[in-house]
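Just so it is clear, none of the values below were taken in a lab; they were calculated from the coordinates. Remember, predicted model here, so these are calculated numbers, not experimental data. As a convention, Cβ positions derive from the backbone with ideal geometry for all residues, glycine included, and neighbour counts pool all protein chains shown.
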Amino acid sequence: MNIHEYQGKQVLAKYGVAVLKGGVAYTPDEAVQVAKELGGPVWVVKSQIHAGGRGAGRFKNDPNGKGGVRVVKSIDEVKSNVDQMLGQILVTKQTGPAGKEVKRVYIEQGCDIKRELYLSMLVDRATCRVTIVASTEGGMEIEEVAHSHPEKILKVAIDPVEGFQQYHGRQIAFGLGLEGKQVNTAVKFIGALYKAFMDLDCSIVEINPLVVTGAGELIALDAKVNFDDNALFRHKDIEELRDESEEDPAELEAARHSLNYIKLDGQIGCMVNGAGLAMATMDIIKLYGAEPANFLDVGGGATKERVTTAFKLILSDPNVEGILVNIFGGIMRCDVIAEGVVAAAREVSLNVPLVVRLEGTNVELGKKIMAQSGLPIIAADNLADAAEKVVKAVKEAA
């Protein structure tokens, strides 16, 4: 689960992470009030959307204008810039061309920036440990730094038994070129970040940039905080921070029915049981010359109703030109899948090619249900056969 920058800062501040004072606003007048309370003479107006690269992004109504993060020096400028942002579509590298609507802004104090650094904490699957990632190249996309200057990326893995220790913090601080009192400040800063990460079941905490001020202080100038969805039942206060308007409606509907669904840009809709099989299905669709329209894992214990919902989700995407259902029945029975597919196809008036590959528990019964349905369902013997048939069917229908 993602949250907005201002929410991330509020959460981290409770753990002792240094952030600047600021306030959220939903109207220009609210922004003016926040700016007056903060005092001047410099403020930063930040668009709040669930995407990075806001400063370098551009608004659709003014593609050659300023980005989504602006430094202003008067109350009038605060109001005019907020007025220009709210209700507009901000396009960044992470939003894609569709962009996201700015529904709120964050007004923050100005800052005397001497250096910009990068600091994050994430779960490294290679080491199976929480890992601190840091770089002297703050304010830039870390992926670009890793590609162009991998030697400038510093990583420190934390042993889960030992936990964060001061020497971890000092290693990062020295690697970032911090000196004197800044080293101890950095150790405390990183320690606070680690405690927040562990206490709240985060999947990533990213500070970019982490700035060194003219006075030598370390401040989180930005904050990206993501949480493990599977642990939200332990953090009702965090779950309340969720902004569903920033999420894909289809993915939200899928979550309500315990479906794992992610929309993609292709034309072949996929419904599979098991994440690994779903990935293999997507790969083989590409191998046969098409692109998957989604990742959809119905899980091992799906009901007829859940399968019907999954089918409707796939067909809600106007880009879908064909559907491939690939089920290996273990816990999931093939007859349940077949009943769900038939029910959904009848309910939504199926008008695209449908290829179904079933194997496993009750497979013959599942095939019989589909054969007797009277629907134009194309049966497949194996995964390769299914992928070849759905791609061919889509091309012939075009």
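Couple of notes before you dig in:
- Protection proxy ranking of 49-57, 65-73, 96-104 - average other beta-carbon atoms within 10 Å, highest first: 49-57, 65-73, 96-104
- In terms of other Cβ atoms within 10 Å, CYS111, CYS202 run from fewest to most in the order CYS111, CYS202.
- Once Rg and the Kirkwood radius are both taken over the C-alpha atoms of region 1-160, their ratio Rg/Rh works out to 1.00.
- In the frame of its principal axes, the chain has Cα extents of 77, 50, 40 Å, reported largest first.
- Summary value for region 21-109: 44 percent relative contact order, contacts being C-alpha pairs under 8 angstrom separated by 6+ residues.
- Residues in region 239-275 that a label on SER373 would reach, taking backbone N under 16 Å of a point 7 Å out along Cα→Cβ: 269-273
- Normalised by the number of residues in the chain, the mean separation of alpha-carbon contacts (under 8 Å, six or more apart) gives a relative contact order of 12 percent.
- Loop-located chymotrypsin sites (Phe, Trp or Tyr not before Pro) in region 26-60 (DSSP state other than H, G, I, E, B) with a sparse environment of at most 13 neighbouring Cβ atoms within 10 Å: TYR26.
- Listed residue (ALA35, ALA51, GLY96) projecting farthest to the positive dipole end of the chain, Cβ model: ALA35
- Of MET370, MET332, MET198, MET271, the sequence from fewest to most neighbouring Cβ atoms within 10 angstrom is MET198, MET332, MET370, MET271.
- D (Stokes-Einstein, µm²/s), Kirkwood Cα radius, region 240-291, 1.002 mPa s at 20 °C: 170
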